[in-house]
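Just below is one structure, and these are the notes that go with it.
The values are calculated or read from the model by the stated rules, or taken from the named source; none is laboratory data. In this text, all values refer to a predicted model and were calculated from it rather than measured experimentally. Counting neighbours? That spans all protein chains shown, and the Cβs are built from the backbone with ideal geometry, glycine included.
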Amino acid sequence: MRPVDSALRPVERAAATWLNPLQAAAKRYRQWQEQWRDPILTALLVVLSLEVFVNIPLSRSHFFEAPVFAVGWLLLIVAAVLIAARHWIAIVAILLSSSLTVIA
């Protein structure tokens, strides 16, 4: 007789069914990230170059829509970095610093 095992089996089964979709989603995210990492890094290089040579000088001028461009560029850069990032700690740090930048 194993009353403890029989009591734990439904709980283990419920936990396994709850974790399977999350594990599958994490696996799909990693595969998608691997597939798009190199093209996104190339696009990130182009976006950062445009940031340095176009957006920053434009924001220094008195062009009234420059903050709109700056927020758009920030969102593009954050999206590219999130795709290229491999670790969750880096992703959290990027999102936190970006949100603080937009707020400030």
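Each row is one residue, and each column tells you yes or no for (1) more than 26 Å from residue 85 (Cβ to Cβ); (2) of a type in the set (Asp, Glu); (3) at pLDDT 80 or above; (4) touching a strand residue (DSSP E or B) at 6+ places or on another chain (Cβ under 9 Å).
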site: 11; (1), (2), (3), (4): yes, no, no, no
site: 14; (1), (2), (3), (4): yes, no, no, no
site: 19; (1), (2), (3), (4): no, no, no, no
site: 27; (1), (2), (3), (4): no, no, yes, no
site: 33; (1), (2), (3), (4): no, no, yes, no
site: 43; (1), (2), (3), (4): no, no, yes, no
site: 49; (1), (2), (3), (4): no, no, yes, no
site: 60; (1), (2), (3), (4): yes, no, no, no
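Would you mind stating whether residue 85 is free of Cβ contacts under 8 Å to residues at least 40 places away in the same chain and loosely packed, with under 13 Cβ neighbours inside 10 Å?
Details: free of Cβ contacts under 8 Å to residues at least 40 places away in the same chain: yes; loosely packed, with under 13 Cβ neighbours inside 10 Å: no.
Considered against the rule, which asks whether it is free of Cβ contacts under 8 Å to residues at least 40 places away in the same chain and loosely packed, with under 13 Cβ neighbours inside 10 Å, residue 85 comes out as no.
In the set (1) among the charged types (D, E, K, R); (2) modelled with pLDDT under 80; (3) surrounded by 11 or more Cβ atoms within 10 Å (Cβ to Cβ), residue 65 fails one condition alone, (3).
Does residue 58 meet the test of being under 23 Å from residue 32 (Cα atoms), out of contact with any Asp or Glu (no Cβ under 6 Å at 6 or more places or on another chain) and not β-branched (Val, Ile, Thr)?
Working: under 23 Å from residue 32 (Cα atoms): no; out of contact with any Asp or Glu (no Cβ under 6 Å at 6 or more places or on another chain): yes; not β-branched (Val, Ile, Thr): yes.
No; evaluated as a whole, the condition is false for this residue.
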